[in-house]
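**Student:** Here you go, one structure.
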Amino acid sequence: ATEIADAEGLEALSMRRIADALGVAPMSIYTYVPGKSELIDLMLDRALGEVAPPGEDLPWRARLEHIARQNWDLYHRHPWMLQIATARPPMGPNVLEKYEYELRAVEGLGLTDVEMDSVVALVTGFAASSARVSVDAAQAERRTGITDIQWWEATAPVLEKVVDFSRYPLGSRVGTAAGQEYNSAVGPAHAFEFGLERVL
């Protein structure tokens, strides 16, 4: 199921598709999981088991940076995770273990329990949000078959005909500088690094 979702997204995931990949009857999948939502819970918990805790001997900032990078990398390996609402996460062993070591990263800093939870939520939420932009950009290139540079080369001449850029001098200047820096309309990796530094 994870291999299918990694390659094609959650929309491609079905019990029939999994059964076909395994060479078994579709109904046999239901002897292991009652339905697709429970399967996705198990996939999520399994994926979260891939992240490694930060070293306990590291300073707090390095521990939180490690956590953010682990989450960033995880979302790039499993982009389908960004499609799952986690307001009510499955309480599997990896979900619980990950939360535990993330909290240990800020234990002893003088924060209240609620502040510790909030710091972890801020760092992991920032990583997820940043990864979403990066994954969306990569998926756009795969979906359209053209790179960001090719997209811009096709779009720029049209914009030059229909937009009076003198009305947007600041946006034109900054957008041009950013586009030249990133070779794209967005720079997800740069935004992640820049933002993480400010958050921490």
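**Student:** With the Cα gyration tensor of segment 42-91 giving a ≥ b ≥ c as the square roots of its eigenvalues, does the rule (a/c under 1.5 for rounded; else a/b larger than b/c for prolate; else oblate) give rounded, prolate or oblate?
**Tutor:** Working: a/c = 2.28, a/b = 1.96, b/c = 1.16.
Prolate.
**Student:** Counting only heavy atoms of the protein chains, get the accessible area per residue of the chain (1.4 Å probe) and round it to a whole Å² value. All intermediate terms of the calculation are to be shown ahead of the outcome.
**Tutor:** Details: 12520 Å² over 200 residues.
With all protein chains present, the chain gives 63 Å² per residue.
**Student:** Pull out a ≥ b ≥ c, the square roots of the eigenvalues of the alpha-carbon gyration tensor of the chain, then state rounded if a/c is under 1.5, prolate if not and a/b is larger than b/c, and oblate in the remaining case. All intermediate terms of the calculation are to be shown ahead of the outcome.
**Tutor:** Working: a/c = 2.94, a/b = 1.23, b/c = 2.39.
Oblate shape, in that a/c is at least 1.5 and b/c is the bigger or equal ratio.
**Student:** Among GLY108, SER130, VAL95, whose Cα sits farthest toward the positive end of the charge dipole of segment 86-132 (+1 at Cβ of Lys/Arg, -1 at Cβ of Asp/Glu, about the Cα centre)?
**Tutor:** After comparing all options, I get SER130.
**Student:** While we're looking at this one, here's another question. Give me the percent of accessible area attributable to carbon and sulfur for segment 1-156, probe 1.4 angstrom. Show your work: numbers first, answer last.
**Tutor:** Numbers: 5140 of 9190 Å².
About 56 percent, which is the carbon plus sulfur part of the accessible surface.
**Student:** Let me know the charge dipole size of segment 141-200 about its Cα centre in debye, to the nearest 20, where only the beta-carbon of Lys, Arg (+1) and Asp, Glu (-1) is charged. Each step should come with its number before you reach the end.
**Tutor:** Values: 6 positive and 8 negative charges, 37 e Å.
Value, rounded to 20: 180 debye.
**Student:** For segment 1-126, with the dipole built from +1 on Lys and Arg beta-carbon atoms and -1 on Asp and Glu ones, taken about the Cα centre, which of GLN83, LEU42, ILE4 lies farthest toward the positive end?
**Tutor:** ILE4
**Student:** How high is the relative contact order of the chain, in percent, with contacts defined as C-alpha pairs under 8 Å that are six or more residues apart?
**Tutor:** Working: 149 pairs, mean separation 40.3, N = 200.
RCO, the chain: 20 percent.
**Student:** Within a Cβ distance under 11 Å of GLY187, other residues only, what is the Lys/Arg minus Asp/Glu net charge? Please report the intermediate quantities before stating the final value.
**Tutor:** Numbers: positive: none; negative: ASP148, GLU181, GLU193.
Counting the neighbours of GLY187, the net charge comes to -3.
The values are calculated or read from the model by the stated rules, or taken from the named source; none is laboratory data. Just so you know, these numbers come straight off a predicted model, no measurement behind them. Note: ideal-geometry Cβ built from the backbone for every residue, glycine included; neighbour counts use all protein chains shown. For the accessible areas, the whole protein counts, side chains as well, though only heavy atoms, and no ligand, DNA or RNA atoms are used. Shrake-Rupley method; radii C 1.70, N 1.55, O 1.52, S 1.80 Å.
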